[in-house]
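Here the structure comes first, spelled out in structure tokens, and everything after it is commentary.
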Amino acid sequence: MRIDEDACYRALETRDRRFDGRFFTGVRSTGIYCRPICPARTPKRERCVFFPSAAAAQEAGYRPCLRCRPEASPGTPAWLGTSALVSRALRLIAEGALDDADAPALAARLGVGERHLRRLFLRHVGASPLAVAQTRRLLFAKKLLDETALSMTEVALSSGFSSVRRFNDAIRAAYERSPRELRKAVAKRGGGGEARGREGGAPDIALRLPFRPPLDWGALAGFLGARAIPGVESAGPGAYRRTVRVAGGHGVVEVRAAPGEPYLLARLRLPGTEGLIHCAERLRRLFDLGADPDAIAAHLGADPRLAPRVLAMPGVRVPGAWDGFELAVRAILGQQVSVRAATQLAGRLVERHGEPLAVRGGLPEGAEGLRFVFPAPEALAAADLTDLGLPRARAATITALAARVASGEVALDASRGLEETVRALCAVPGVGAWTAHYIAMRALREPDAFPATDLGLRRALGGVSGADLAAMAEAWRPWRAYAAVLLWTADAQGARPAETEVSNGSLAG
């Protein structure tokens with residue numbers, strides 16, 4: 001990844017927040033690396049070396065700054081300046097692909113050789129895949145030390161370290177201090193995390209989820225609220241809440257906006273803390289917190305058909321999903337019916353086939369309406385869905401998808417590229433191109449997925465044909481998914497058209 005060092009230094013001198021997370025500055029005289037917004041005195045130009053990622057700075061031997069906290073950076077968008085293969089690999093690493101496996105296994109999932117993958121990482125990220133995974137664990141552990149009151153053992157396991165000893169060694173190597181010394185330093189500055197939940201109950205954990213402003217919380221909450229599965233999710237202007245299945249049982253998560261702050265506030269009540277790093281990453285994907293709104297707006301705003309919508313909806317995000325299989329089922333339920341009808345069908349499905357929610361310590365305040373956890377693929381593959389009021393063909397589609405996901409034949413993760421994912425999904429009887437792109441767009445975080453046959457998108461552009469819409473959208477690459485959200489949610493009159501599919505005579509919402 002090529003870096004304009006003069007531009008980086010100018011951003012460092014002005015502490016320009018637009019560059020936060022895009023690069024990190026190593027200071028040769030101190031051996032520390034910082035964010036562009038670090039409040040410390042700006043080092044001389046000849047003492048600076050610039051890195052495209054925290055992992056690259058870490059691998060070069062620099063230590064994270066304790067003042068600007070690189071672990072609190074909004075993060076570099078996964079596809080910014082990287083190859084498509086590296087983008088997919090970065091998403092898999094964020095999902096924990098290297099927590100229990102090695103680099104050859106990751107390369108095999110991506111369909112390439114390990115040496116080739118390492119070369120691509122060094123070229124685009126500045127560090128090896130293992131270094132990226134290690135830095136991810138390290139910075140998340142530092143975040144937990146600063147923002148929570150979890151014990152050292154819990155911090156180690158929550159961050160993906162296999163043992164407390166490895167955690168202690170990694171912290172000492174990176175910060176030249178022990179974990180306890182780091183936490184004491186935070187306490188002296190008046191910081192520190194909240195106390196855990198009730199005695200004997202599930203731990204309540206509060207975390208900040210940073211993003212690069214702006215972010216349209218109202219649009220995100222409105223989109224998710226209209227599609228919230230009754231008993232599993234709830235969303236409104238105040239907060240988004242949902243049930244989750246994690247190792248060891250069930251939990252509830254809540255996310256709120258923090259007005260005026262470049263982060264969302266998350267509160268998690270989980271059966272334990274192991275795997276917390278994966279929960280935090282899922283929430284980041286759900287709210288698309290890795291997006292670069294300035295770059296997206298500049299690109300899409302160049303099209304006069306999208307420019308008014310870009311201005312009306314700054315900080316557009318593509319609403320994601322907590323679980324890819326859940327989103328895929330929800331998309332199939334939406335075929336040929338309205339968004340409201342699909343939501344009712346989804347509620348009926350979890351009422352009959354979902355797992356009754358069991359949260360140790362009881363439900364947190366505001367989550368009283370949550371009663372179920374969405375059924376696993378194995379459960380729906382074996383279930384009789386004909387009593388839900390669905391056409392038999394659509395019930396068969398859900399059953400077939402569940403069976404293929406359960407067997408691993410269909411992988412709802414980033415291991416495949418967009419075209420391959422769409423082909424695999426379209427091979428499921430009853431899944432068309434619209435449904436496949438919609439799943440890729442929201443569940444798999446493919447920024448260039450685009451349901452070109454969507455009736456709502458066509459209407460928003462004056463009733464153009466699907467072929468004409470697809471041709472128009474070529475100019476919107478690689479952010480066609482964001483263009484779709486703009487067209488769905490920010491028309492000039494403030495209307496909110498429902499997304500629908502016209503594919504083989506069907507409509508999907």
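Values in this text are rule-based calculations from the coordinates and carry no lab data. This structure is a prediction, so every number in the text was calculated from the model and none was measured. Glycine gets a Cβ as well: all are built from the backbone with ideal geometry, and neighbour counts include every protein chain shown.
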So for region 252-384, using the alpha carbon gyration tensor with a ≥ b ≥ c as root eigenvalues (a/c under 1.5 gives rounded; past that, a/b versus b/c decides prolate or oblate), I'd call it oblate
Sites residue 363 and residue 177, calculated FRET efficiency, Cβ-Cβ separation with R0 60 Å, nearest 0.05:
0.95
At 0.36 nm per residue, and after removing the present C-alpha to C-alpha distance, how many nm does the segment from residue 4 to residue 162 gain when stretched out fully?
53.1 nm
How far apart, in nm, are the 7 Å Cα→Cβ label points at residue 247 and residue 102?
2.0 nm
Name the residue from 366, 376, 388 whose Cα lies farthest towards the positive end of the charge dipole of region 348-400, charges +1 on Cβ of Lys and Arg and -1 on Cβ of Asp and Glu.
388
For the chain, what is the calculated [θ] at 222 nm in deg cm²/dmol (nearest 500), taking -39500 (n - 2.57) for each run of four or more DSSP H residues and dividing by its residue count?
-12500 deg cm²/dmol
With label points set 7 Å from each Cα along the Cα-to-Cβ direction at residue 44 and residue 112, the distance between them in nm comes to 4.1 nm
Could you give the DSSP H helices of the chain that reach 24 angstrom or more along their long axis (alpha carbon positions) and whose average Kyte-Doolittle hydropathy is no lower than -1.0?
129-147
Using mean Cβ contacts within 10 Å as the protection proxy, how do 298-304, 448-454, 394-400 order, highest first?
448-454, 394-400, 298-304
For region 365-476, shape from the Cα gyration tensor axes a ≥ b ≥ c, cut at a/c of 1.5 then a/b versus b/c, turns out prolate
If R0 = 25 Å, then residue 305 and residue 226, at their Cβ-Cβ distance, give a FRET efficiency to the nearest 0.05 of 0.55
Percent RCO, i.e. relative contact order, over region 1-144, from Cα pairs under 8 Å lying at least 6 residues apart
25 percent
Backbone HN-Hα couplings from phi across region 249-254 [Karplus 6.51/-1.76/1.60, Hz, Gly and Pro as x]:
x, 10, x, 9, 10, 9
In nm, to one decimal, how far is the residue 387 label point from the residue 423 one, both placed 7 Å along Cα→Cβ?
4.1 nm
